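Encoded as structure tokens, the structure appears first; notes follow it.
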Amino acid sequence: QVQLVESGGGLVQPGGSLRLSCTASGSIFIIYDTGWYRQTPGTQRELVAAITRGGSTNYADSVKGRFTISRDNVKNTLYLQMNSLRPEDTAVYYCNAEAVATPSYSGMDYWGKGTPVTVSS
């Protein structure tokens, strides 16, 4: 099994910055694609940004130029640097990883429990 734990959320004023982290632990063999998603009450979870093991990135149009996703494959940690935050960025942010765990060596999608981000003055 693989566990994902997010951190770094909180309350920030419009225009401010936050850095989210997501650390994977457990019986990890390898982690492939990873991403950050967000969800507000009554809406579907949406992709914010994704990054492959090789470093290729993809962003939602709404965050391009403001958010940067990165990862450390040695530390099994995913990051999301969020700048120029807007009230509409308020949501619970979830970490996602496609990973292979031992001893099954089968690939699965894993999710963290989420970290809340509130952008408000």
Checklist line | Cα-based radius of gyration of the chain once divided by 2.2 N^0.38 Å, which approximates compact folds | finding: 1.04
Check: Looking at segment 49-121, which chymotrypsin sites (Phe, Trp or Tyr not before Pro) are in a loop (DSSP not H, G, I, E or B) and have at most 15 other Cβ atoms within 10 Å?
Finding: Tyr105
Notebook entry, point to check: Using only Cα atoms, what Kirkwood radius does segment 1-63 have, in angstroms?
Noted result: 13.8 Å
Notebook entry, point to check: Arg86 accessible area, nearest 10 Å², 1.4 Å probe?
Noted result: 100 Å²
Margin query: Give me the percent of accessible area attributable to carbon and sulfur for the chain, probe 1.4 angstrom.
Written below: 49 percent
Next item on the list: Compare Asp109, Asp61 by solvent-accessible area with a 1.4 Å probe and give them largest first, with all protein chains kept in place.
Entry: Asp61, Asp109
Checklist line | segment 6-54, relative contact order in percent, only Cα pairs under 8 angstrom and at least six apart counted | finding: 27 percent
Checklist line | By accessible area with a 1.4 Å probe, ligands and nucleic acids excluded, highest first: order of Ile28, Ile51 | finding: Ile28, Ile51
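The values are calculated or read from the model by the stated rules, or taken from the named source; none is laboratory data. Keep in mind that this is a model prediction, so the values were computed, not measured. Using ideal geometry, Cβ is built from the backbone for each residue, glycine included, and neighbour counts are taken over all protein chains shown. Just the protein is used for accessible areas: all its heavy atoms, side chains included, with ligands, DNA and RNA removed. Shrake-Rupley method; radii C 1.70, N 1.55, O 1.52, S 1.80 Å.
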